[in-house]
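Here's the structure, in structure tokens; my notes come after.
Taken together, the values in this text are just the output of simple stated rules run on the coordinates, not laboratory data. Computed from a prediction, not measured in an experiment: that's the story for all the values here. Glycine gets a Cβ as well: all are built from the backbone with ideal geometry, and neighbour counts include every protein chain shown.
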Amino acid sequence: MAVRHVCALVLLVAGTGVLLVSAAGLVALPRPYQRLHALTPASTVGAPLVALALAVESGPGRAAVKLVLVAVIVAFGGAVTAMAIGRATAQHEHLLRRDSPQ
Amino acid sequence: MNVWLVAIAVLLTLGMPPCVWAAGRGSAVERLAGLSLATTVVTAVLLLTAQGFGRSSFADLGLVLAVLGPAGTLVFARFLGGRSIEAPDAQAHGKP
Amino acid sequence: MSTAVAQECLIAGELVLVAASATAAALARDPVRQAVLLAVLGLCLTVLFTFLQAPDVALSQLAVGTAVTPLLILLTVRKVRRPTASRHDGVERGQEGGDES
């Protein structure tokens with residue numbers, strides 16, 4: 001029980017740290033494309049680490065399966081979202097034709 | 001006061017204000033970065049709330065947001081990128 | 001510190017966040033930029049309702065504030081601005097072939 005709690009704490013601190021570093025990067029980076037670099041680690045590393053910490057804390061069962069599912073959905077959705085925002089920014093700055101294929 | 005509530009407090013006080021600030025600055029496309037990061041942070045906060053308050057049913061909110069958040073951001077990216085519905089700044093300031 | 005006191009502190013902090021995002025949404029003049037801030041405001045309200053032990057209200061606020069309201073605002077803005085935009089950059093829009101949506 002203690003080992004599991006320590007593992008959950010380590011994962012929680014790591015995930016929260018990644019999320020905070022991403023938030024700081026969102027403020028510190030000046031250009032829109034650089035801000036996309038701050039966006040992706042939060043959704044692919046930070047939030048799944050927090051969800052994994054909660055799954056480790058709750059132990060095996062349906063709750064852990066649900067949390068791992070949330071982690072996978074957030075990771076994939078964050079990657080797709082970052083690509084879509086980058087594409088919209090490129091179209092907005094006329095680097096890409098508006099009717100270019102997806 | 002357990003460690004999960006401390007994590008929620010840290011995420012809300014240090015993680016969300018940069019998102020709100022980034023979502024309130026620049027053109028409409030540049031604000032999408034703040035919205036996306038806010039969605040990720042709020043998903044983590046909702047999952048932590050389920051554990052911190054001992055209500056396992058709150059985890060469903062995190063699941064719903066994990067599905068709906070990227071959908072909402074994709075709607076924004078599709079509309080803002082596919083067609084220029086945002087008025088250019090010169091015209092927006094020039095018109096009464 | 002007990003859980004109830006911690007909950008009060010979290011509610012207070014979340015109220016400050018809701019007030020800040022709502023003020024920012026009210027101060028933005030362009031409707032498209034307001035839509036982005038309204039989505040952020042919906043997220044903050046979802047967290048507030050969750051802290052107030054109202055998960056059903058939070059669930060409906062999540063669906064409405066994150067997906068439906070920005071979609072309605074964007075559709076309305078596109079419908080309203082189309083004649084103006086086609087008059088301003090009609091040459092470019094004409095070369096690209098008009099309405100494909």
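Overview of results
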quantity	calculated
Calculated FRET value between C:Val5 and C:Val64, using beta carbons and R₀ = 41 Å, to 0.05	0.85
Reduced Cα scattering model of chain A, Debye log10 I(q)/I(0), q = 0.12, 0.15, 0.22 Å⁻¹	-0.50, -0.69, -1.06
Proxy reagent accessibility, fewest Cβ within 10 Å first, across A:His5, A:His92	A:His5, A:His92
Ranked list, fewest to most other Cβ atoms within 10 Å of each Cβ, for A:Arg4, A:Arg62	A:Arg62, A:Arg4
Cα gyration tensor shape of segment C:1-77, rounded if a/c is under 1.5, else prolate or oblate by comparing a/b with b/c	oblate
Förster radius 35 Å - calculated FRET efficiency between A:Ala24 and A:Val68 (Cβ-Cβ, nearest 0.05)	0.80
Cα centroid separation, segment B:1-71 to segment C:1-57 (Å)	11 Å
Shielding by other protein chains, C:10-23, mean Cβ within 10 Å	3
Estimated distance in nm for a label pair at C:Val16 and A:Ala14, the labels positioned 7 Å out from Cα along Cα-to-Cβ	3.1 nm
Check: segment C:3-80 dipole with +1 on Lys, Arg Cβ and -1 on Asp, Glu Cβ, in debye	460 debye
